[in-house]
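Working notes, beginning with the structure itself.
The values are calculated or read from the model by the stated rules, or taken from the named source; none is laboratory data. Because the structure is predicted, anything quoted here is derived from the model rather than measured. Neighbour counts run over all protein chains shown; Cβ positions are idealised from the backbone, glycine included.
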Amino acid sequence: MIKIIVLFSLFFNFLGYSQDDCKAPDYLNSIEGFVLASCEQSEYNEYTFYYYDLKGKYIMLTKSGKYYRLNYTKDENHSRKVSGAQVCNNYFNAVQKIKGENFSKDKNFFQFTNNKQNIYMLIDNAWDDDDRGYQIYIIEEASMNQEIEISIKESIDRDGKVALYGILFDTGKSTIKPESEKELKNIIDYLSANLSQKIIIVGHTDNTGDYSANIKLSKERAESVKKYLITIGKIDESRLKTEGAGQFCPTTTNSSEKGRKLNRRVEIVKL
């Protein structure tokens, strides 16, 4: 747990936020003399962190998961004079103590783990000689709970293919992550209910990295899906072919993280 000076447990009713509405995560304490005036929270969101790295290069890094925006303001009844540097260095030292990592020359963007969960945290607007307030942006990295389901059969009957975004891999790797099980089961259920259907499993990447490497990686990921369907789903190998398209067939632009995420997919194509 991050220990930052002292625990200052005060939740402030401000602009319609109730005590229940405005709450920091339990691993984060506040600096004495500041109150949590307002906040936003989402069980899942995508957020782009902007910062200067240790060499002074301007970086944009998008992460997704549980999201917090915490707005701390100076308690007008408190006599402390706290600088922005003091604010950032408190968080920096606390992160260092728990073996986290600082990415920024300004000591305001960090990554650390809590209960084995990967967390990214940015301190913003902390630069005054007598800081009047600052914001903290947090992403607790996690996959989104997919609640909308589109029938594989319906899509294949209509379009001859279906794009699947729930089959997940670590960056640059072809090993299927455990949270892909639900999406893979959908394919198994479809093939088990349509015994005459044969498919091509096509891996796709965004345009990040080397073209030839992306082609190779996308084919390896398609092969991983095929192996899963055979070993776990007991699907006959003769019904399955694989291909790797790499970055060759994007569904949208690669100029944004949102677009690149849509282009990283596995497609099932009717054979």
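Here are a few things to note about the model shown:
- Taking the criterion of being out of contact with any Ser or Thr (no Cβ under 6 Å at 6 or more places or on another chain) and among the small types (Gly, Ala, Ser), the residues of segment 204-229 that qualify are GLY209, SER212, ALA213.
- LEU195 touching a residue at least 24 places away in the same chain (Cβ under 8 Å) and not polar (S, T, N, Q): no
- TYR58 being without any contact (Cβ under 8 Å) to a residue 12 or more places away in the chain, closer than 22 Å to ASP128 by Cα and in contact with a strand residue (DSSP E or B) (Cβ under 8 Å, 6 or more places away or on another chain): yes
Yes or no, residue by residue, for (1) buried (at least 17 other Cβ atoms within 10 Å of the Cβ); (2) touching a His at 6+ places or on another chain (Cβ under 9 Å):
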residue	(1), (2)
GLU181	no, no
ASP206	yes, no
ASP210	no, no
SER218	yes, yes
LEU229	yes, no
ILE232	no, no
LEU240	yes, no
GLY246	yes, yes
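- Among (1) more than 26 Å from the chain's Cα centre (by Cα); (2) in contact (Cβ under 8 Å) with a residue 12 or more places away in the chain - the single one ASN118 does not satisfy: (1)
- Options ILE187, ILE199, ILE176; residue that is surrounded by 12 or more Cβ atoms within 10 Å (Cβ to Cβ), among the β-branched types (Val, Ile, Thr) and farther than 19 Å from SER151 by Cβ: ILE176
- Qualifying residues in segment 61-78 (those that are among the polar types (S, T, N, Q) and touching a residue at least 40 places away in the same chain (Cβ under 8 Å)) - the one farthest from LYS23 (Cα to Cα): THR62
- Scanning segment 56-87 for residues that are in a loop (DSSP other than H, G, I, E, B) and within 29 Å of the chain's Cα centre (by Cα) gives GLY56, LYS57.
- Residues satisfying the criterion are absent from segment 251-271 (criterion: at pLDDT 95 or above and of a type in the set (S, T, N, Q)).
- If the condition is being closer than 17 Å to ASN29 by Cα, modelled with pLDDT under 95 and of a type outside the set (S, T, N, Q), then segment 103-133 contributes ALA126, GLY133.
- Candidates are the residues of segment 88-108 that are of a type in the set (Phe, Trp, Tyr) and either assigned to a helix (DSSP H, G or I) or in contact with a Cys (Cβ under 9 Å, 6 or more places away or on another chain) (or both); the one that is surrounded by the fewest Cβ atoms within 10 Å (Cβ to Cβ) is PHE92.
- Residue in segment 13-50 that is modelled with the lowest pLDDT, counting only those that are under 18 Å from ASN77 (Cβ atoms) and assigned to a strand (DSSP E or B): PHE14
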